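> Structure in structure tokens, see below.
What follows is calculated from the coordinates using simple rules that are stated; it is not laboratory data. Since this is a predicted model, take the numbers as computed values, not measurements. Using ideal geometry, Cβ is built from the backbone for each residue, glycine included, and neighbour counts are taken over all protein chains shown.
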Amino acid sequence: MSTIVAPSLLAADFLNLEKEIDMLNRSKADWIHLDIMDGVFVPNISFGFAVTDLLKKITRKPLDTHLMIVQPEKFIDEVAATGSTFMNVHYEACSHLHRVVQQIRERGMRPAVTLNPHTPLSVLEEILPELDMVLLMSVNPGFGGQQFIESSVEKVARLKEMIVRRNLSTLIEVDGGVNLETGKKLVEAGADALVAGSYVFNADDPIRTIQALKML
């Protein structure tokens with residue numbers, strides 16, 4: 001099975017957003033990754049639901065929405081209204097994670113939980129069977145274009161072992177510093193999906209770059 005590729009819209013040219021979405025529609029990208037930041041949970045602000053509501057009108061790809069915000073449970077209905085397939089919430093931002101995961105599924109979306117680089121996999125022991133996906137951050141969240149944290153490869157391998165040992169079908173997604181070199185290591189360690197932002201949108205041929213990532 002080819003690698004799932006989810007280009008991050010955070011790195012797109014927002015002055016030509018419709019053109020960028022058209023490129024993704026024509027590409028072999030599997031999903032479109034949406035990073036929504038509030039300037040509180042992470043030290044940056046990205047875009048909000050005014051933008052994501054428009055995307056569902058022009059994209060033909062499933063939306064993978066990643067909320068880097070405090071109290072993400074307040075916005076489950078808004079994310080569902082965008083037509084998102086996945087809703088990613090941070091373990092670090094949810095006091096009652098199991099409840100949030102249930103609410104995401106009740107709204108017809110596939111629940112995913114994101115871990116920051118410093119957060120150990122042990123926090124997933126109780127919630128893992130309830131998840132459709134785990135997103136591991138391989139950079140500190142908040143800004144694109146950061147250097148890849150090499151220990152993320154081993155973290156992916158340990159998470160894969162947890163999933164296989166419990167006979168689960170949970171996907172592993174990785175976000176941060178992904179390119180052909182780091183992507184190959186991550187896929188070999190057990191990653192199912194790669195989020196790539198600047199590596200795709202800054203490429204001379206983004207469509208070919210996406211195809212290359214899928215072949216890892």
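> What residues have an amide H closer than 5 Å to that of Phe47, excluding those fewer than 5 places away on the same chain, when H is modeled at 1.01 Å from N in the peptide plane?
When sequence neighbours closer than 5 places are left aside, the close amide H contacts are Met37.
> Sequence gap of 8 or more, or different chains, plus Cα separation below 23 Å: how many lysine pairs satisfy both in the chain?
21
> Which whole-Hz couplings ³J(HN,Hα) result when phi for each residue of segment 160-174 is put into the Karplus expression 6.51 cos²θ - 1.76 cosθ + 1.60, θ = phi - 60°, listed in order with x for Gly and Pro?
Along segment 160-174, the couplings run 4, 5, 4, 5, 5, 4, 9, 6, 9, 10, 4, 7, 10, 10, 10 Hz.
> Next question, about the same structure. Any idea how far the Cα center of segment 80-131 sits from the one of segment 1-78, in Å?
Result: 17 Å between the Cα centres.
> 5 Å is the cut-off here: which amide hydrogens, built 1.01 Å from N in the peptide plane, fall below it relative to Thr114, excluding neighbours closer than 5 in sequence?
Close amide H contacts, sequence-distant or interchain: Val89, His90, Tyr91, Leu135.
> Sticking with this one: Taking all pairs of different Cα atoms in the chain, averaging 1/r and flipping that mean, what Kirkwood radius in angstroms comes out?
Working: mean 1/r = 0.0586 Å⁻¹.
This gives a value of 17.1 Å.
> Can you check what the net charge comes to around Gly83, using other residues whose Cβ is under 13 Å from the Cβ of Gly83 (Lys, Arg +1; Asp, Glu -1)?
Values: positive: Lys56, Lys57, Arg60, Lys61, Arg107, Arg110; negative: Asp53, Asp64, Asp77, Glu78.
Charge balance in the 13 Å sphere: +2.
> Can you show me the helix-derived [θ] at 222 nm for the chain, built from DSSP H runs with n ≥ 4 at -39,500 (n - 2.57) apiece and divided by the number of residues, rounded to the nearest 500.
Values: 8 runs with 73 residues, N = 216.
When only DSSP H runs of four or more count, the value is -9500 deg cm²/dmol.
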